[in-house]
Amino acid sequence: MGRTLRELWDGTEATIGGWCSIPSPFSAELMGRCGFDWVCIDTQHGVIGYDQMMPMLEALSITATPAFVRVPWNQPDHIMKALDAGAQGVIVPMVGTEEDAKAAVAAAKYPPVGMRSWGPIRAAFDVPDYSPETANRRTIVAVMIETPGGVENLDAILAVPGVDAVYVGPSDLALGHGMTPTLAPTDPDHVRLIETIVDRCREHGIVAGIHCDSVETVHRWHARGYGMFTVGSDAALMRGAATAVVAGAFEGSREVVVPATGQYA
């Protein structure tokens, strides 16, 4: 049995997660068997609906790899249903205010901490002593800081009890500040925003995470203090490997045009 998300978060080492945007239990199981510390099922920008998310969580259970779900939006129904289905944590997009962060935590936690409704239809399967108290302790809440409001209100967001991690979407962070979306920032203002976020997280004792385009970018941000990483997605990794095979099969004699989709966060 692998470690739970909470056990990972209570540790001191950095974690690397897999990212699923393909609606496939087989893809989820494959990602879960690759050695990632955790895997996130993306129901915001991936093409995954609730009916696909459920069997993907079941597939990840086989691998003993704990699962996040990035929910479509900061709504109680999205958060509660993902947790009821067996996700050990949620990544909540576009959190821009203290009130947004409080709402995310409230939806993820049972009373008296929050307002989560009782119905752990699948969540209780692997937890012999499942109770509101154990679930509240076990569940990880990561809020995405990717808007001007999120940066402006960062200290208030980080001070909300129950926020376990901040996850940076570099592309939306850039877009919202009038810059070109990218996962490999070179614009000094973009870099400064990303560095500001990790500095504030460290001051508050909150794990800072970020989506990356490559292992080199992971090394860059790990050295700067980030501790939670993802690289690309199942779709982006498959496309990159497949196009490299096509381009290399005839020693570069064939031009391969790679679509610009799939790298986001």
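The values are calculated or read from the model by the stated rules, or taken from the named source; none is laboratory data. Here the structure is a predicted model, which is why all the values come from computation and not from measurement. Cβ atoms come from the backbone with ideal geometry, glycine included; neighbour counts cover every protein chain shown. Areas reflect the complete protein model, heavy atoms only, side chains present, ligands, DNA and RNA absent. Shrake-Rupley method; radii C 1.70, N 1.55, O 1.52, S 1.80 Å.
Within the range 121-134, is there a residue that is open to solvent by less than 70 Å² (accessible area, probe 1.4 Å), within 19 Å of Asn74 (Cα to Cα) and out of contact with any Leu (no Cβ under 6 Å at 6 or more places or on another chain)?
Filtering the range 121-134 down to residues open to solvent by less than 70 Å² (accessible area, probe 1.4 Å) leaves 122-124, 127, 130-132, 134.
Adding the requirement that they be within 19 Å of Asn74 (Cα to Cα) leaves none.
No: the range 121-134 contains no residue that is open to solvent by less than 70 Å² (accessible area, probe 1.4 Å), within 19 Å of Asn74 (Cα to Cα) and out of contact with any Leu (no Cβ under 6 Å at 6 or more places or on another chain).
Given the options Pro93, Pro55, Pro66, name the one that is open to solvent by 30 Å² or more (accessible area, probe 1.4 Å) and modelled with pLDDT of 95 or more.
Result of the check over Pro93, Pro55, Pro66: Pro55.
Hey, could you check the range 135-175 for residues that are within 19 Å of Cys212 (Cβ to Cβ) and among the charged types (D, E, K, R) and say which is surrounded by the fewest Cβ atoms within 10 Å (Cβ to Cβ)?
Asp172
If you go through the range 69-90 one residue at a time, how many are open to solvent by less than 40 Å² (accessible area, probe 1.4 Å) and either in contact (Cβ under 8 Å) with a residue 60 or more places away in the chain or within 22 Å of Gly176 (Cα to Cα) (or both)?
Narrowing the range 69-90 to residues open to solvent by less than 40 Å² (accessible area, probe 1.4 Å): 69-71, 74, 79-80, 82-90.
Filter again for either in contact (Cβ under 8 Å) with a residue 60 or more places away in the chain or within 22 Å of Gly176 (Cα to Cα) (or both), leaving 70-71, 74, 88-89.
Residues that pass the stated criteria total 5.
Taking the range 1-41 as the search range and keeping residues that are in a helix (DSSP H, G or I) and open to solvent by 60 Å² or more (accessible area, probe 1.4 Å), which one is nearest to Val231 (Cα to Cα)?
Filtering the range 1-41 down to residues in a helix (DSSP H, G or I) leaves 5-9, 25-32.
Filter again for open to solvent by 60 Å² or more (accessible area, probe 1.4 Å), leaving 7, 26, 30.
Numbers: Glu7: 22, Phe26: 19, Leu30: 16 Å.
The selected residue is Leu30.
Give His211, His190 a once-over and let me know the one that is open to solvent by less than 30 Å² (accessible area, probe 1.4 Å), in contact with a helix residue (DSSP H, G or I) (Cβ under 8 Å, 6 or more places away or on another chain) and closer than 17 Å to Gly46 by Cβ. So that I can check it myself, show each step before the final result.
Details: His190 fails: closer than 17 Å to Gly46 by Cβ.
None of the others qualify; the one that does is His211.
Find the residue count for the range 150-160, including only residues that are part of a loop (DSSP other than H, G, I, E, B) and out of contact with any Lys or Arg (no Cβ under 9 Å at 6 or more places or on another chain).
Initial filter on the range 150-160 (part of a loop (DSSP other than H, G, I, E, B)): 153, 159-160.
Next, only the ones that are out of contact with any Lys or Arg (no Cβ under 9 Å at 6 or more places or on another chain) stay: 153, 159.
Selection size over the range 150-160: 2.
Here is a check on your reading of the model: is Val113 open to solvent by less than 50 Å² (accessible area, probe 1.4 Å) and either touching a Cys at 6+ places or on another chain (Cβ under 6 Å) or closer than 23 Å to Leu8 by Cβ (or both)?
Details: open to solvent by less than 50 Å² (accessible area, probe 1.4 Å): no; either touching a Cys at 6+ places or on another chain (Cβ under 6 Å) or closer than 23 Å to Leu8 by Cβ (or both): yes.
Spelling it out, it is not the case that Val113 is open to solvent by less than 50 Å² (accessible area, probe 1.4 Å) and either touching a Cys at 6+ places or on another chain (Cβ under 6 Å) or closer than 23 Å to Leu8 by Cβ (or both).
Residue check: is Cys212 in contact (Cβ under 8 Å) with a residue 24 or more places away in the chain, under 17 Å from Asn153 (Cβ atoms) and not basic (Lys, Arg)?
Numbers: in contact (Cβ under 8 Å) with a residue 24 or more places away in the chain: yes; under 17 Å from Asn153 (Cβ atoms): no; not basic (Lys, Arg): yes.
In short, no.
Since Leu173 meets every condition but one in (1) touching an Asp or Glu at 6+ places or on another chain (Cβ under 6 Å); (2) over 18 Å from Arg70 (Cα atoms); (3) assigned to a helix (DSSP H, G or I), which condition does it not meet?
Going through the list (1) touching an Asp or Glu at 6+ places or on another chain (Cβ under 6 Å); (2) over 18 Å from Arg70 (Cα atoms); (3) assigned to a helix (DSSP H, G or I), Leu173 breaks only (2).
Which of the residues spanning the range 176-213 are aliphatic (A, V, I, L, M) and either touching a Pro at 6+ places or on another chain (Cβ under 6 Å) or part of a loop (DSSP other than H, G, I, E, B) (or both)?
So the first thing to find is which residues in the range 176-213 are aliphatic (A, V, I, L, M), and the list is 179, 183-184, 191, 193-194, 197-198, 206-208, 210.
Once the filter is applied, which keeps residues that are aliphatic (A, V, I, L, M) and either touching a Pro at 6+ places or on another chain (Cβ under 6 Å) or part of a loop (DSSP other than H, G, I, E, B) (or both), the range 176-213 yields Met179, Leu183, Ala184, Val191, Ile206.
Mind counting the residues in the range 96-110 that are under 21 Å from Val168 (Cβ atoms) and either free of Cβ contacts under 8 Å to residues at least 24 places away in the same chain or open to solvent by less than 40 Å² (accessible area, probe 1.4 Å) (or both)? Reasoning before the result, please.
From the range 96-110, those under 21 Å from Val168 (Cβ atoms) are 96-105, 108; that's our starting set.
Filter once more, so that each one left must be either free of Cβ contacts under 8 Å to residues at least 24 places away in the same chain or open to solvent by less than 40 Å² (accessible area, probe 1.4 Å) (or both): 96, 99, 101, 104-105, 108.
Final tally of qualifying residues: 6.
Answer with yes or no whether Gly178 is on the phi > 0 side of the Ramachandran plot, surrounded by fewer than 22 Cβ atoms within 10 Å (Cβ to Cβ) and within 20 Å of the chain's Cα centre (by Cα).
Values: on the phi > 0 side of the Ramachandran plot: yes; surrounded by fewer than 22 Cβ atoms within 10 Å (Cβ to Cβ): yes; within 20 Å of the chain's Cα centre (by Cα): no.
Judged against the criteria, Gly178 is not a match.
Please find, among Val168, Val143, Val191, the residue that is of a type in the set (Val, Ile, Thr), within 16 Å of the chain's Cα centre (by Cα) and over 15 Å from Ala103 (Cα atoms).
Values: Val143 fails: over 15 Å from Ala103 (Cα atoms); Val191 fails: within 16 Å of the chain's Cα centre (by Cα).
Val168 is the lone residue from the list that is of a type in the set (Val, Ile, Thr), within 16 Å of the chain's Cα centre (by Cα) and over 15 Å from Ala103 (Cα atoms).
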